[in-house]
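Before any comments, here is the structure.
The values are calculated or read from the model by the stated rules, or taken from the named source; none is laboratory data. Values in this document were obtained by computation on a predicted structure and should not be read as measured data. As a convention, Cβ positions derive from the backbone with ideal geometry for all residues, glycine included, and neighbour counts pool all protein chains shown. SASA here: full protein model, heavy atoms, side chains in, ligands and nucleic acids out. Shrake-Rupley method; radii C 1.70, N 1.55, O 1.52, S 1.80 Å.
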Amino acid sequence: MMQPLLTFTERGIYCAQGDFYIDPWKPVARALITHGHADHARRGMESYLATQAAAPVMQHRLGPDERIETVKYGETINMGGVQVSYHPAGHVTGSAQIRVEYGGEVWVASGDYKTVDDGLSEPFEPVKCHAFITESTFGLPVFKWTNQDVLRAQINDWWAKNAAEGRVSILSAYALGKAQRLLRALDGEIGPILTHGAIEATNAVLRGQGIALPDTMLVTAETTAKTHPTALVLATPSGMASPWAKKFGAASTAFASGWMALRGVRRRRGADRGFIMSDHADWTGLNDAIAATGAERVFVTHGYTDVFARYLSEQGYDARVVETDYTGESLDAPAEEAS
Ligand SMILES: [Zn+2]
Ligand SMILES: [Zn+2]
């Protein structure tokens, strides 16, 4: 029997014909990277290939010594007879699904993705294939994201109310992706926007590649609730949980996460508000994306893998769970470990 075009090895998703790995979690010679989050772009590869838009943040995170080659969306490159191309995944800036074709067979490794256009990431593009590798971070029907206009109003109303009471608002978000989406949604008329260092550093990289973001101010030792009583502070999940957040006094705290769709999570976290928002696909997004590929075979990675693969099997797909080292969206992730 012919070997499958992509196989799941202990180092990562491997293409034997082209001799490359996709988002490997152990050092390899040739790594094709879907996007810059830490569970997909890791240090120690001999070479990296990513989209032009993903490369600056990857270089910032991996350090100056790693060699990153770039590719344009839709550009086809030949690797050992395998046709490889990158297509927008709609997850974060520069994120890609990687399409591989050999002998008339097409596989797509989607990394992380979302189907809703967030106005910041290149919009998700369905890619026809025979086999599709999908995440399942939010692969349950309970996960349904708030409409983005409604979400914007919810967040600004919360901030405005706090500002009127002279309370600082602290909103937790990942440094890459969600932080910038939130930034763009904020109404700067309400007050100043302050940022945690990890977020500000990522903002600087993205601004450097021409992405417009509202003005922000880095939180320093001098920044307190007294100096900026009407501020909104964008914090990383780890920053929010640390003594760093304490200097803002009796601030109102909120999470923006897909997990906020689960009643009880916000309460257990002790946050005042939870906004339902994610850079991953919700239940409808996952199902729409998979249907649009036309794939018969679906490989389910990180998330609600068992439940989701079983559901897909019932829908007539040849679906199975595969073990990887990718992590879904977490409320506990350190700044650089974003999903
Ligand atoms: Zn990600
Ligand atoms: Zn991920």
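Placing +1 at every Lys and Arg Cβ and -1 at every Asp and Glu Cβ, with all other atoms neutral, what dipole size does region 148-276 have around its Cα centre, in debye to the nearest 20?
Values: 16 positive and 9 negative charges, 120 e Å.
Dipole of region 148-276, to the nearest 20 debye: 580 debye.
Give me the percent relative contact order of region 148-276, please, defined on Cα pairs under 8 angstrom at least 6 residues apart.
Numbers: 192 pairs, mean separation 44.1, N = 129.
34 percent.
Ordered by residue, what ³J(HN,Hα) values in Hz, to whole numbers, does region 314-329 give under the Karplus form 6.51 cos²θ - 1.76 cosθ + 1.60, where θ = phi - 60° and Gly and Pro are x?
In residue order, the calculated couplings are 5, 7, x, 7, 8, 10, 8, 8, 10, 7, 9, 9, 7, 10, x, 5 Hz.
Lys/Arg Cβ at +1, Asp/Glu Cβ at -1, dipole of region 148-276 taken about the Cα centre: which of Thr236, Val150, Met260 is farthest positive-ward?
The one lying farthest along the dipole's positive direction is Met260.
Leaving ligands, DNA and RNA out of it, rank Met2, Met217, Met58 by accessible area with a 1.4 Å probe, largest first.
Result, largest first: Met2, Met217, Met58.
Based on DSSP, what percent of beta bridges with both residues in the chain are antiparallel, to the nearest 5?
Details: 19 of 56 bridges.
Percentage antiparallel, nearest 5: 35.
Could you point to the residue in Ala289, Tyr86, Ser330 farthest towards the positive end of the chain's charge dipole, with +1 and -1 charges on the Cβ of Lys/Arg and Asp/Glu respectively?
Farthest towards the positive end: Ser330.
Need the list of lysines near Lys144 for cross-linking: C-alpha distance under 23 angstrom, and skip anything on the same chain fewer than eight residues off.
Cross-link targets: Lys114, Lys178.
Can you give me the long-range amide H partners of Val71? Hydrogens built in the peptide plane at 1.01 Å from N, cutoff under 5 Å, separation of 5 or more residues or another chain.
Close amide H contacts, sequence-distant or interchain: Ala50, Thr51, Gln52.
When the Kirkwood radius is taken over all Cα pairs of region 201-294, what Stokes-Einstein diffusion coefficient follows at 37 °C and 0.692 mPa s, in µm²/s? Don't jump to the answer; show the numbers that get you there.
Details: Rh = 16.2 Å.
Estimated via Stokes-Einstein, D reaches 203 µm²/s.
Once the piece of chain linking Lys144 and Gln52 is laid out straight, how much longer is it, given 0.36 nm per residue of separation minus the C-alpha distance between them? Let's see the in-between values first.
Values: separation 92, 0.36 × 92 = 33.12 nm, distance 3.13 nm.
The Lys144-Gln52 span can extend by a further 30.0 nm.
Which of the peptides 10-21, 315-326 is most tightly packed, and how do the rest follow, judged by the mean count of other Cβ atoms within 10 Å per residue? Intermediate values should be presented prior to the final figure.
Numbers: 10-21: 19.1, 315-326: 15.3.
Order by mean packing, descending: 10-21, 315-326.
Would you please give the FRET efficiency between Leu262 and Glu314, computed as 1/(1 + (r/R0)^6) with r the Cβ-Cβ distance and R0 = 35 Å, to the nearest 0.05?
The calculated FRET efficiency here is 0.90.
Say each of Glu165 and Phe8 gets a label point 7 Å from the Cα, pointing the same way as Cα to Cβ; how far apart are those two points in nm?
4.7 nm
Taking the dipole about the Cα centre of the chain, with the C-beta of Lys and Arg at +1 and of Asp and Glu at -1, give me whichever of Leu213, Ala31, Phe124 is farthest to the positive side.
Of the candidates, Leu213 comes out farthest on the positive side.
Going by average Cβ neighbours within 10 Å, how do the peptides 102-115, 136-149 rank, with the highest at the top?
Order by mean packing, descending: 102-115, 136-149.
With an 8 Å cut-off on Cα pairs and a minimum separation of 6 or more residues, tell me the relative contact order of the chain in percent. Walk me through the numbers before you get to the answer.
On the way: 764 pairs, mean separation 61.2, N = 339.
It comes to 18 percent, rounded to a whole number.
Leaving out ligands, DNA and RNA but keeping every protein chain, what accessible area does Ser238 have, in Å² rounded to the nearest 10, with a 1.4 Å probe?
50 Å²
What is the Cα coordinate range of the chain on the first, second and third principal axes, sorted by size from largest, in whole angstrom?
Extents along the principal axes, in whole Å: 69, 46, 29.
Hey, with R₀ at 25 Å, roughly what FRET efficiency would Gln17 and Glu69 work out to, going by the Cβ-Cβ distance, to 0.05?
Details: r = 20 Å, r/R0 = 0.79.
Once the sixth-power term is evaluated, E becomes 0.80.
How many Å² of accessible area per residue for region 242-339, probe 1.4 Å?
Working: 4510 Å² over 98 residues.
For region 242-339, the per-residue accessible area is 46 Å².
To the nearest 500 deg cm²/dmol, what mean residue ellipticity at 222 nm is calculated for the chain from DSSP H runs of n ≥ 4 alone, each contributing -39,500 (n - 2.57), summed and divided by the residues?
-6500 deg cm²/dmol
With Rg and the Kirkwood Rh both taken from Cα atoms, where does Rg over Rh land for region 148-276?
On the way: Rg = 13.6 Å, Rh = 14.6 Å.
A ratio of 0.93.
If a paramagnetic tag sat 7 Å from the Cα of His130 along the Cα-Cβ line, which residues of region 77-102 would have the backbone N under 11 Å from that point?
Only 101-102 fall inside the zone, counting backbone N under 11 Å.
In whole percent, how big is the carbon plus sulfur part of the accessible area of the chain, probe 1.4 Å, protein atoms only? Walk me through the numbers before you get to the answer.
On the way: 6970 of 13830 Å².
Carbon and sulfur atoms account for 50 percent of the accessible area of the chain.
Once you charge only the Cβ atoms, +1 for Lys and Arg and -1 for Asp and Glu, what is the size of the charge dipole of region 213-320 about its Cα centre, to the nearest 20 debye?
Numbers: 12 positive and 10 negative charges, 145 e Å.
It comes to approximately 700 debye.
Mind pulling up the Rg/Rh value for region 1-152? Radius of gyration and Kirkwood radius, both on Cα. Intermediate values should be presented prior to the final figure.
Working: Rg = 15.6 Å, Rh = 16.0 Å.
My calculation of the ratio gives 0.97.
Size of the dipole of the chain about the Cα centre, Lys and Arg at +1 and Asp and Glu at -1 on the beta carbon, nothing else charged, in debye to 20?
On the way: 31 positive and 39 negative charges, 201 e Å.
Charge dipole, the chain, about its Cα centre: 960 debye, nearest 20.
Quick one: 3J(HN,Hα) in Hz for region 192-208, Karplus 6.51/-1.76/1.60 with θ = phi - 60°, rounded, Gly and Pro as x.
Coupling constants for region 192-208: x, 9, 9, 10, 6, x, 5, 6, 4, 5, 5, 4, 4, 5, 5, 4, x Hz.
With the other protein chains left in place, how much accessible area per residue, in square angstrom, belongs to region 126-202 at a 1.4 angstrom probe?
On a per-residue basis, region 126-202 sits at 35 Å².
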